[in-house]
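Input: a single structure, listed below in structure tokens.
The values are calculated or read from the model by the stated rules, or taken from the named source; none is laboratory data. Treat the numbers as computed from the prediction; the structure is a model and nothing was measured. Note: ideal-geometry Cβ built from the backbone for every residue, glycine included; neighbour counts use all protein chains shown. Just the protein is used for accessible areas: all its heavy atoms, side chains included, with ligands, DNA and RNA removed. Shrake-Rupley method; radii C 1.70, N 1.55, O 1.52, S 1.80 Å.
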Amino acid sequence: MIRIARVEDAPKFAEIYRPYVEKSVVSFETEAPDAAEFCRRIKETEKDYPWIVLKENGKILGYAYAHRYRERKAYDWAVESSIYLADEAKHQKIGDRLYRSLMDILKKQGVLLVYAFITSPNPESENFHLRFGFQRESLQKKIAYKNGAFRDLAVMRYQIGPFPEVPQPLVPFEVLRKNPTFRLEEIF
């Protein structure tokens, strides 16, 4: 089951994310955020963008969300995506399911471009994004320092739909989800 994330999911999100911060260079964060910080992030994100979770047999196996790409208004139609899976959920197509749902919601909001910023090399994540339809856009060399070395960052881009001559205003997620025509069953 894929559903919209809730603040009470925050402890599990912190648990899933912690190894990505503490035991790898996948995340450029240097200290793992706690449940309170995840609560804050969920509340901040869900105003404008979706944060979704995949749950099976009562257990959260992963989450994905989008957030603002850049602060300037002209960037409204581009977002950055993030996806994290519990160890036991990897290689089960859970990431595909989460991303399909996320992209579907973003399309309904009017988003046109999704960027993924991936520590490189990270063949698992890079290949996942390529299989999903992302394209390599650039490689930012030695942009971050973590775990004793400077790290590269792969920039990947996914185009949701065609570019209109003049885009419609972006629909904030909190507005979209309150719309009577928005049904989770249609998306998930």
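Data overview
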item	result
Choice from Ser125, Ser82, Ser138 with maximal GNM fluctuation in the chain (Cα, 10 Å cutoff)	Ser138
Hits among lysines - C-alpha to C-alpha of Lys12 under 24 Å, sequence gap 8 or more where chains match	Lys23, Lys43, Lys47, Lys55, Lys59, Lys90, Lys93
Evaluated over the stretch 1-120, the Cα radius of gyration and Dmax, each in Å	13.9, 42
At most 15 other Cβ within 10 Å, DSSP loop - GluC sites (Glu not before Pro), the stretch 64-126	Glu71
Neighbour-limited loop hits for GluC sites (Glu not before Pro), the stretch 1-37 (at most 16 other Cβ within 10 Å; DSSP other than H, G, I, E, B)	Glu29, Glu31
Carbon/sulfur fraction of accessible area - the stretch 15-109, other protein chains in place, 1.4 Å, %	44 percent
Cα-based equivalent ellipsoid, the stretch 1-58: semi-axes from gyration tensor eigenvalues, Å	20, 14, 10
Sparse-neighbour loop sites [trypsin sites (Lys or Arg not before Pro); the stretch 9-42; at most 15 other C-beta within 10 Å; DSSP]	Lys23
Whichever aspartates and glutamates have a C-alpha closer than 13 Å to that of Lys142, once near sequence neighbours (fewer than 8 apart) are set aside	Asp152
Cα gyration tensor, the stretch 84-174 - rounded (a/c under 1.5), prolate or oblate	oblate
